[in-house]
Structure formats: C-alpha cells, structure tokens
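In what follows, a structure is listed as structure tokens, so that the remarks can point back to it.
The values are calculated or read from the model by the stated rules, or taken from the named source; none is laboratory data. Predicted model only: the values in this text are computed from it and were never measured. Every residue, glycine as well, gets a Cβ built from its backbone with ideal geometry; the counts of neighbours run over all protein chains shown.
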Amino acid sequence: MYQTTYHRASSVDEAASLFGKSSEAKFLAGGQTLLPVMKQRLASPSDVIDLGKIKDMIGVEASGDTLTIKAATPHYDVATSDAAKKAIPALAYLASLIGDPAVRYRGTIGGSIANNDPAADYPAGLLALGATVKTNKRSITADDFFKGLFTTALEDGEIITAVSFPVPAKAGYAKMRHPASRFALTAVFVAQTKSGEIRVAATGASQSGVVRVPAIEAALKANWSPSAIDGVTISASGLLSDIHGTSEYRANLIKVMAQRAVAAAG
Amino acid sequence: MSTVKLTVNGKAVAVDVEDRTLLVHLLRDHLNLTGTHVGCDTSQCGACVVHMDGRAVKSCTMLAGQADGASITTIEGIAKGDELHPMQAAFRDNHGLQCGYCTPGMIMSAIDIVHRHNSQGAGGQLDEATVRQELEGNICRCTGYHNIVKAVLDAAGRMKVAQAAE
C-alpha cells in the first residue's frame, strides 16, 4: 500500500470538511473493498476518511412502511436485525449472503452501493425495492443512483448517510454464489410493492451492472408465480461473459434465480 | 505516523505506526504477536482472523488506525495460562490441523461461530452443515476440513458446558 493519511471522522459534517481539505481523499466505510484495492496499489488516496465510527450512521430502524438502514451499518447487523427481518426478510437474507462472516462484520451497505460492483448484492435489493439513497446533500432514488459498472450518481465528496426502503407486499432474493469469491455469478431480487408494482433487478449478469428485467416484470405482473417465468426469453446480448460463465449461461441464470426468488417470496 | 492506542489480549498498548499499517502488521511486527498469520493477504483465507470487540475480523483488511480504542484478542490471548481454550483443546484432540498455518484463524473464527450460536439459547445447537457454511471465510489446504469441523462441534459442546458452569 502506498502512503496515506488516516482520519477518523466523528460526524458527517466533519467527514465532508476533511474531504474538502484533502487533495485526493477517499471515504472508508468497512474497507472490505477499498483496502484490498489499496493493497494492490490500484488506488492511492492521499487521505482516507473513516466513516465507520460515526454514531449517526449506524443502525436499522423500521417506522410505518419504511425500513431505514444507516449507511455504516455492517452486513451482519442487517442480517440479524429484528426490524429488518420483520419488515423485509428478503433484504436481511441478502445481507446474510455477502462475503463470509468476517467480511459481514466489517462491510457496510453504504460502502457496497457507493462502490457499485457489478456483482454486489445490495444494488439488486435497492433497485428492486425502489429504495431511496440519502446523502448529506439530497435524496436519490435507486433508479437514478446506479449508473453502470462502479459508477453512481454520487458527486465528489458526497456522503451516503442512509438507505430507506418502502416495505413491500412481497419480496424474494436468490443468488448463485461464486464459490470462491462469494460474489453473485447472477442474483435476482423480486419485489411486489404495496401498490402492486412489480420490480425485478439482476446483479452479476449485465455488462451495465445492476439492471431491471422488464420481461420478467411483465410476466410476473400477469401472474405472480415461478411458472409464469417459464416462457420468458432473456437475451444474452449485453450480459457478462467470463471463465466462470458465458452470457448465455447468465441469461438462463436470470430466469432460474428469478423463479427461485418468487418461490421464496411466496 | 500516528499513535494507535488499543487493548491487546487484555493489555493496554500504544503503538506508533505509519497510517498505512494494517492491523495484522501492528500485531506481528510491532507487538511480536506472530501467531496471527498472513496467508493470502487478499481477505479470502482467514489466517489473519482476530477478535475485535468480540467479533472475528480479518486483520489484514483493516488499518491499524481503525482499531484505535478497540479491544483485540489474538490466538495468544485465549488460553488461561497452561490451560488451552476449549477450542484449542478440541483441535488438538480431533487432529484438526496438519501444517497448522490456518489454525490460528480457524480457531478465532470458530470461537466466534460458537459464541453466536450458543448465545441463541438452547435452540442454538450447532450442526455440521452450519459449521461448514460459517467457516467459508477460512481456507485450509491440508485437512479437507473434516477434522476441523469435528473439532468445532466438539468444542461447541465443551464451551456450552463451560458456560453453564460459570
């Protein structure tokens, strides 16, 4: 790792101000992606500003029809949160599948979505549930937040403080885990909102990162059941292809994972 | 350079380190606690697992500064004098290691697994499938895991007995 200067922020305002004073700063949340990248010398921030100890940024709260997960909440705390398990069990389940237990103690929802890895779990949950990303400057809908591989709507120095999820009528998540990396070879989150809208998001599959899957949404709108997806054709065009799976394989996985997710949602 | 103040195996320490220093290097190079290993150095193998405030974390994927103010327990800190921790004893009795390189991390992760499952009360009974799933962040290239899983299940029983006795 190249030399860097570590700062621990005690508030969101302090973190923003530290960022403004540095030449090339990075925010550090759980560090489960940023630190490995820095160790490989693929990133060399002059300063790292630790958000992990800001008390206002940790916690899970349910109120009415909204579940709010503060940005520096580790995956383990989401997976085991009574509020999350009661309001959106599929989201708590999603958190329980990220990385391994040690990674889940450190990695955070804010870090995951700010990084927007094309095979990360949370982006699928946010997009399918129609979540809203809260920052120190504004609110951004999930539809507007994710902008392709490792790219988001965040501006320089903008800090995610929380994510709020409308509690759905039904939701399910199914993931084909890569057995070594535990990232999604392809995973699909399905949700039926309380107003009856169907939203389906796939991660790990597209060259554009997390995407909605309109063909499956239409099929589930007509008939909310795994068999409704039998006749759907997913094009392999624009899907990822690598040594772990061809684009045709991932196209099929989108269907199969969507069916499993609907079955899990009930 | 920064001074990192933390508690390691019950002792308060203050260490001057470069800001880029990883927790594992603070432990190994500055405190000479070389029981915690660096295996893959890419957050995958788990040889570097230590407990931070009771949670099993990968010390190669944390800056030392992030542990400022925390309480760290390493493999050197779990035995009581000459008496091995029940997890260490179970690894020995079940031949849960061959070369031993992954063992410190395995043991620290395994203690955390038992704590999490034993703390769920009587219903928190660890089974083989759960142990195998929960150990996925720890890689062993010798044993094929069979005796490691046996050791963890054995220790889970011993720790429950020890907990009940306290």
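Assorted remarks:
- Scanning the range A:24-34 for residues that are buried (at least 22 other Cβ atoms within 10 Å of the Cβ) and either touching a Lys or Arg at 6+ places or on another chain (Cβ under 6 Å) or among the charged types (D, E, K, R) (or both) turns up at least one hit.
- Some residue of the range A:60-72 being of a type in the set (Asp, Glu) and not assigned by TED's automatic domain parsing to the domain that holds A:TYR105: no
- Single condition B:ARG28 does not satisfy, out of (1) out of contact with any helix residue (DSSP H, G or I) (no Cβ under 6 Å at 6 or more places or on another chain); (2) within 14 Å of another protein chain (Cβ to nearest Cβ); (3) over 21 Å from A:THR33 (Cβ atoms): (2)
- Condition check for B:ILE107: within 27 Å of B:ARG158 (Cα to Cα), without any contact (Cβ under 8 Å) to a residue 40 or more places away in the chain, more than 10 Å from chain A (Cβ to nearest Cβ) and surrounded by 24 or more Cβ atoms within 10 Å (Cβ to Cβ): yes
- Scan the range A:61-120 for residues that are more than 14 Å from chain B (Cβ to nearest Cβ) and assigned to a strand (DSSP E or B) and the total you get is 8.
Per-residue answers, yes or no, for (1) free of Cβ contacts under 8 Å to residues at least 24 places away in the same chain; (2) more than 20 Å from A:ALA169 (Cβ to Cβ):
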{"site": "A:VAL60", "(1), (2)": "no, yes"}
{"site": "A:SER63", "(1), (2)": "yes, no"}
{"site": "A:ALA79", "(1), (2)": "no, yes"}
{"site": "A:ALA83", "(1), (2)": "yes, no"}
{"site": "A:SER96", "(1), (2)": "yes, yes"}
{"site": "A:VAL103", "(1), (2)": "no, yes"}
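- Considered as a group, the residues in the range A:1-32 that are at the interface with chain B (Cβ under 9 Å from one of its Cβ atoms) and either among the β-branched types (Val, Ile, Thr) or in a helix (DSSP H, G or I) (or both) include one that is farthest from B:GLY69 (Cα to Cα), and that residue is A:THR4.
- Members of the range B:39-62 that are more than 11 Å from every other protein chain (Cβ to nearest Cβ) and within 13 Å of the chain's Cα centre (by Cα): B:ALA47
- Candidate set: the range A:128-162, residues that are assigned to a strand (DSSP E or B) and among the hydrophobic types (A, V, I, L, M, F, W, C); chosen: the one nearest to A:GLU14 (Cα to Cα): A:ILE160
- Pair list, Cβ < 7 Å and 6+ apart or interchain, from the range A:247-266 residues that are closer than 18 Å to A:GLY125 by Cβ to residues that are of a type in the set (S, T, N, Q): A:LEU253/A:THR186; A:ILE254/A:THR186; A:MET257/A:THR186; A:VAL262/A:SER225
- Residue within the range A:39-56 that is away from chain B (no Cβ under 14 Å) and either out of contact with any helix residue (DSSP H, G or I) (no Cβ under 8 Å at 6 or more places or on another chain) or buried (at least 18 other Cβ atoms within 10 Å of the Cβ) (or both) present: no
- Test: residue in the range B:6-13 that is within 23 Å of A:TYR6 (Cβ to Cβ) and in a loop (DSSP other than H, G, I, E, B): no
- Restricted to the range B:1-37, and to residues there that are surrounded by fewer than 16 Cβ atoms within 10 Å (Cβ to Cβ) and among the hydrophobic types (A, V, I, L, M, F, W, C), the residue that is nearest to A:PRO45 (Cα to Cα) is B:MET1.
- Exactly one residue among A:THR4, A:THR73 is under 15 Å from the mean Cα position of the chain (by Cα), closer than 24 Å to A:GLY157 by Cβ and surrounded by 19 or more Cβ atoms within 10 Å (Cβ to Cβ), and that residue is A:THR73.
- Residue check for A:GLY30: under 29 Å from A:ALA171 (Cβ atoms) and touching a helix residue (DSSP H, G or I) at 6+ places or on another chain (Cβ under 7 Å): yes
- Members of the range A:136-191 that are surrounded by fewer than 24 Cβ atoms within 10 Å (Cβ to Cβ) and among the hydroxyl-bearing types (Ser, Thr, Tyr): A:SER139, A:THR141, A:THR151, A:THR152, A:THR161, A:SER164, A:SER181
- Test result for A:THR132, in contact (Cβ under 8 Å) with a residue 12 or more places away in the chain, away from every other protein chain (no Cβ under 14 Å), over 28 Å from A:ASP242 (Cβ atoms) and touching a strand residue (DSSP E or B) at 6+ places or on another chain (Cβ under 9 Å): yes
- Scanning the range B:1-60 for residues that are at negative phi and among the small types (Gly, Ala, Ser) yields B:SER2, B:ALA12, B:ALA14, B:GLY35, B:GLY39, B:ALA47, B:ALA56, B:SER59.
- Only a single item in (1) away from chain A (no Cβ under 14 Å); (2) at pLDDT below 95; (3) at positive phi is not met by B:ASN118, and it is number (3).
- Subset of the range B:6-22 [in contact with a strand residue (DSSP E or B) (Cβ under 6 Å, 6 or more places away or on another chain) and either within 9 Å of chain A (Cβ to nearest Cβ) or among the acidic types (Asp, Glu) (or both)]: B:ASP16, B:ASP19
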